[in-house]
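The values are calculated or read from the model by the stated rules, or taken from the named source; none is laboratory data. Everything quoted here is computed from the prediction, not taken from an experiment. Cβ coordinates were reconstructed from backbone atoms using ideal geometry, including for glycine residues, and neighbour counts include every protein chain displayed.
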Amino acid sequence: MSTLINWQNTLKSLFLTQNHLLESDLNVLQSQRSACAEEIQQNSKKQNQISSVSSQYFAQEQQQKDLKFTIKKNEFNENNYQTLAEGMKEISCVKSLDIDVQDANLQSKGAEALSYSIKQCQDLERLSLTIGQYNLIGQEGIISISKCIDSLHNLNDLSLIIERNNSIGESGTDFLCQTLKKCTKLTHLQFSFGNCNRFGNTLYSNLGSSLKSLTNLQSLRLFFDNNLNILPDGIKHLSEGFLHNLENLDIKFGSNNNIGSGLVGFAKSLKICQKLKNLSIQFGDSNNLQSQSFLKLGEAVKKMSQLQILQINIEKNNKIGESAAIELANGIKNCQTLKSLNFTIGAKNDIGSQGCNQLIQSMGYLTKLNTLAFQFDEQNNINDQGFDSLENTLEKLTELQILKLVIGKNIITNEGAIKIGIALKKCTQLEVLQYSIEENNIGSEGSKIIGESISNFLNLKNLNLKFGRNNIRSCGAGGFGDALKTCPSLEKLKFEIDSKNQIGADGLSFIGEGLKNCINLKSLDMVIQNNELNIDGAKELSKGIEKLVSLQEIKFKINDQNFGLDGTQEMFQKLKQCQKLRKIQFNIYHKHSEEEDVVKTKKMNILNKIYKMKRMVDLKFKFN
């Protein structure tokens, strides 16, 4: 089987290049293909004489059943159509095939040749085919692909991704949908449709009609690009194809698709999907969603008694309002089998404090949750009262291990931050925490309380903190530093302190002091922008980093001219103590007012320190 493996590898490597296939390449392929055929014939004669199979042979046999390759930046032409097709014949026993075609100028003839090649693999059970943008396969190309799919009678898992600007047209998608009706063995299906393909309005009704025939379907993923103009009737007819056997449904509608009142029909169809275990719904921005539609969506979610994973993402400018958030909350609180909830409300949706509070309150009923992520982006008119129920909710979630809380620019003060900090103290089993609050003026007291809450997380392994323009000052940074002293299990840390926080040199020193106790930290990612730093703060921070004996990766972005090259020299002086460090990424802003010779000398000193760290395998460095 070694010849077969060599042939496979040659096939893969040739199509990963950026040039035309050469005649010599074709000769190599032809030679290996012949040798491969001969070896397969010899092995088949010996098969009856073999009583046992070695582990090495078994590994090779498994390899030939799963093939992946990418065709990119090649001009398909008649000279290599046949080579590809004949090559696929020799590996016709492949059961899983992934092909990704990018920038290959495939056009209709190339799509036809590719389809013919795939047809040779009649044992295929799984096919993933991606036609990248600007391949211009046209109507004839998608019809060829459809006929190929129709010929694969063992197929149970199909993924077809048609990116933008392939001009497949309305007739092409109609043919594809008719083909799909015949694929009754499918248990897993993924379709993705890019824009500028001239689908026409019949796509959604035809696709919905085809889905009705797939009675064995358990998993369905559908992605519709921006500006496809789906319209209310489109989403209604599409969702009529949802079947009661579905266990996994992942559907995304891109921006500006004018879904509007069609969400009502969508929600009604969801009601029959009572076996769902995993549901993900994403609406892109500016889809004119109507708040009254969310009553039906909430009612549909209520009936999903087996649901374990739920993701709802409503992007910006849908203006769903407070009443829609309340209706969703009423539905979510009944999903008491949920283990993971991910909820995002994009900017300018106007859910208000009452809507926010009701959503948080509903989460308190989900006592089996181990993962909770909720994000309220800017301009949702949420004030401190939006978090009144957070403490009570988190107290009930005793199994929670992963928590993501992201609050964009709203109207949160230190009072709201204190409520959040006190609530977080209830999450004693947390292993992963992402907390981000931007431009809300929580002040030093609010950030200090949040820091104190982190001190309770003795099992914390991954911490991601972001304070954007909140005026936390050195006192707030000190609370964060104190928290780090009590996190000995921490392995990954990312924190971002944006401008207008004014932590100063003292704040940086507090953080450095806290880092000294993070002896198990493997990854550190720091972003600090315009916070009145200086060389003294850099020295204290460096002393903390020096103690990170387990550190393997560091990313460091400092945009503060008083830190600059002097601070960077201090950092690298101490980083040499981190013997396990393998990856460094630094982005440093320095004083442009300094003499050119002085700047050059400092840069050379830094680079000399880097060159001495011979164990580096990945280094990126940028001076601004």
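Observations on the structure shown:
- For segment 320-336, taking the residues that are of a type in the set (Val, Ile, Thr) and part of a helix (DSSP H, G or I), the one that is farthest from the chain's Cα centre (by Cα) is identified as 326.
- Candidates 128, 144: the one that is assigned to a helix (DSSP H, G or I) and either modelled with pLDDT of 90 or more or among the acidic types (Asp, Glu) (or both) is 144.
- Qualifying residue in segment 557-568 (condition: at pLDDT 80 or above, part of a loop (DSSP other than H, G, I, E, B) and either surrounded by fewer than 21 Cβ atoms within 10 Å (Cβ to Cβ) or not charged (D, E, K, R) (or both)): no
- Which listed residue, of 549, 527, 599, is assigned to a strand (DSSP E or B), at pLDDT 75 or above and at negative phi: 527
- Any hit, segment 475-496, residues being out of contact with any Cys (no Cβ under 7 Å at 6 or more places or on another chain), in the same structural domain as residue 559 (by TED's automatic domain parsing), at pLDDT below 80 and not in a helix (DSSP H, G or I): no
- Looking across segment 110-124, the residues that are in a helix (DSSP H, G or I) and of a type outside the set (A, V, I, L, M, F, W, C) come down to 110, 112, 115, 116, 117, 119.
- Boolean, residue 266 is outside any loop (DSSP other than H, G, I, E, B), of a type outside the set (A, V, I, L, M) and under 21 Å from residue 210 (Cβ atoms): yes
- Test: residue in segment 285-300 that is within 22 Å of residue 370 (Cβ to Cβ) and in contact (Cβ under 8 Å) with a residue 24 or more places away in the chain: no
- Single residue of segment 73-120 satisfying the filter (modelled with pLDDT under 85 and among the basic types (Lys, Arg)) that is farthest from the chain's Cα centre (by Cα): 89
- Single condition residue 225 does not satisfy, out of (1) within 25 Å of residue 295 (Cβ to Cβ); (2) in contact (Cβ under 8 Å) with a residue 60 or more places away in the chain: (1)
- Checked against (1) surrounded by fewer than 21 Cβ atoms within 10 Å (Cβ to Cβ); (2) farther than 17 Å from residue 318 by Cβ; (3) within 25 Å of the chain's Cα centre (by Cα), residue 252 meets all criteria but (2).
- Residue that is hydrophobic (A, V, I, L, M, F, W, C) and either at pLDDT 90 or above or assigned by TED's automatic domain parsing to the domain that holds residue 129 (or both), where the choices are 199, 224: 224
- Some residue of segment 358-378 being at positive phi and surrounded by fewer than 20 Cβ atoms within 10 Å (Cβ to Cβ): no
- For residue 462, the conditions (1) of a type outside the set (D, E, K, R); (2) within 18 Å of residue 526 (Cβ to Cβ); (3) touching an Asp or Glu at 6+ places or on another chain (Cβ under 9 Å); (4) buried (at least 24 other Cβ atoms within 10 Å of the Cβ) are fulfilled apart from (4).
- Per this entry, residue 135 is not counted among residues that are surrounded by fewer than 21 Cβ atoms within 10 Å (Cβ to Cβ) and either under 20 Å from residue 199 (Cα atoms) or touching a residue at least 12 places away in the same chain (Cβ under 8 Å) (or both).
- Test for residue 152: is it at pLDDT 95 or above, under 18 Å from residue 246 (Cβ atoms) and crowded, with 20+ Cβ neighbours inside 10 Å: no
- The listed residues are 168, 162, 142, and the only one of them that is free of Cβ contacts under 8 Å to residues at least 40 places away in the same chain, crowded, with 17+ Cβ neighbours inside 10 Å and within 23 Å of the chain's Cα centre (by Cα) turns out to be 162.
- Members of segment 292-319 that are crowded, with 21+ Cβ neighbours inside 10 Å and part of a loop (DSSP other than H, G, I, E, B): 304, 307, 315, 318
- Looking across segment 431-459, the residues that are in a strand (DSSP E or B) and out of contact with any Gly (no Cβ under 9 Å at 6 or more places or on another chain) come down to 432, 433, 434, 435.
- Pairs where the first residue, in segment 81-109, is surrounded by fewer than 19 Cβ atoms within 10 Å (Cβ to Cβ) and the second is among the β-branched types (Val, Ile, Thr) and in a helix (DSSP H, G or I), C-beta under 8 Å, 6+ apart: 99/118
- Any hit, segment 206-223, residues being under 20 Å from residue 163 (Cβ atoms) and either β-branched (Val, Ile, Thr) or part of a loop (DSSP other than H, G, I, E, B) (or both): no
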